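Down below is the structure, laid out as structure tokens.
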Amino acid sequence: TYFTVNMFEKKPITIVQQIKKLKDRGLLITTKDNAEHYLSHISYYRLGEYWHSMQDDKEQHLFKKNSRFSDVIALYSFDRELRLLLFDVIEKIEISLRTKLIYHLSHEIDPWWFCDYKIFNDSLQFTRTLAKIEEEISRARSKDVTIKNHFKKHKDDLRFPPAWKSLEQISFGNLSKLYGNLKHTLKAKDKIAQEYGVVNHTFLPSWLQSIAQIRNYCAHHSRLWNRNLPGAPKLLPKPPNPWILEIENVPRQFNKLYVHLCLMKYLLNTVQPSNTFTNKLDSLFQKYPNVDPDALGMKPNWQNEPLWR
């Protein structure tokens, strides 16, 4: 029996050849575009994620009429600045969540609550999360002064450092998993949700998972513009804090970024009531007028909704 194997046979091409290929396919590139410079610092493949939508024929990679290299760079730059903005917003939410988990659970249970399998719903997920926490603390042991000094001072104590030391070392993803996996009977689980204006534990876990996913995209410099996002966060039917008034503007496209931006803004309004998220996001769209807000699922006049005012 003979099998046909389709081997990848494309060879690398020079930057000059890359530019010629793009021009041959219909992309308008002028001397002022400085294409050789950009392609020497941003890979052809990475930029391809931004010019893909400009192509009429995806098989032959032929561009629509009047497609410009300068627009590709504008999209790339917009996306980069968007990630930096969101990373800043998510940092504030992450530090707040970490603080609330440490405070409320340490008081309700004890400082080592994150190691207690009895307070978690899914024992397998708990085991996996705890293993990741152990990895993160092990890395911190050689780098972080607080952790290093703790083990030096308490070398006979075989437990992890208490929550206020250990949880400072773990990722937002693991923080969100710890919260989501807590048993619903714990008072702290509802208390934390209530303090964010998210009513109870039913809604907040899916919000945190969504934000953790976007944080990972930002951390790994992955494209957010025109991206279909996984997951479907649960929306509050009657939010106690300012939300969206116009029914047609309530986010329904969970795969678009806008709904996730709304969740971030809602939490941020509690964490930092005087935040400038709206102004910074609006300014970004004004800076790059060729970027279509609809690619992110943005609604018309989103800035005027109570949530974003």
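A few notes on this one:
- Tail beyond 25 Å, pair distance distribution of the stretch 195-309 (Cα, percent): 17
- Cα pair count fraction exceeding 37 Å, expressed as % - the chain: 33
- Calculated on the Cα set of the stretch 39-194, radius of gyration then Dmax: 22.6, 71 Å.
- Considering only Leu105, Leu130, Leu84, and ranking their Cα positions along the charge dipole of the chain that arises from unit charges at the beta-carbon of Lys, Arg, Asp and Glu, the one farthest toward the positive end is Leu130.
- Once each of the GluC sites (Glu not before Pro) sitting in a DSSP loop with at most 14 other beta-carbon atoms within 10 Å is removed, the chain keeps 60-245 as its longest stretch.
- Scalar couplings 3J(HN,Hα) for the stretch 146-151, obtained by applying the Karplus form with A = 6.51, B = -1.76, C = 1.60 to θ = phi - 60°, are 4, 5, 4, 5, 4, 5 Hz; x denotes Gly and Pro.
- Filter on Lys10/Lys32; Lys238/Lys265; Lys21/Lys65; Lys189/Lys234 - keep pairs with C-alpha separation over 21 Å: Lys10/Lys32
- In a reduced charge model with +1 at each Lys and Arg Cβ and -1 at each Asp and Glu Cβ, the chain shows a dipole moment near 420 debye about its Cα centre.
- Principal semi-axes in Å for the stretch 9-69 [√(5λ), Cα gyration tensor, largest first]: 17, 15, 11
- A cut-off of 5 Å between modelled amide H atoms, ignoring neighbours fewer than 5 places along the same chain, links Gln55 with Lys64.
- Listed values for the stretch 103-111 are Karplus-derived 3J(HN,Hα) couplings in whole Hz (6.51 cos²θ - 1.76 cosθ + 1.60, θ = phi - 60°), namely 5, 5, 6, 5, 6, 6, 10, 5, x, and x replaces Gly and Pro.
- Using a probe of 1.4 Å on the protein chains alone, the accessible area found for Arg80 is around 120 Å².
- Karplus-derived 3J(HN,Hα) values for the stretch 266-282, using 6.51 cos²θ - 1.76 cosθ + 1.60 with θ = phi - 60°, are 4, 5, 4, 5, 8, 5, 9, x, 9, 5, 10, 4, 4, 4, 5, 5, 5 Hz; glycine and proline are entered as x.
- Around the Cα centre of the stretch 199-282, unit charges on the Cβ atoms of Lys, Arg, Asp and Glu (plus for the first two, minus for the last two) sum to a dipole of about 220 debye.
- The stretch 196-219 and the stretch 145-182 have their alpha-carbon centroids 21 Å apart.
- Across the stretch 1-126, Cα-Cα pairs farther apart than 17 Å form 72% of the total.
The values are calculated or read from the model by the stated rules, or taken from the named source; none is laboratory data. Remember, predicted model here, so these are calculated numbers, not experimental data. Here the Cβ is made from the backbone with ideal geometry for all residues, glycine too, and neighbour counts use every protein chain on show. SASA here: full protein model, heavy atoms, side chains in, ligands and nucleic acids out. Shrake-Rupley method; radii C 1.70, N 1.55, O 1.52, S 1.80 Å.
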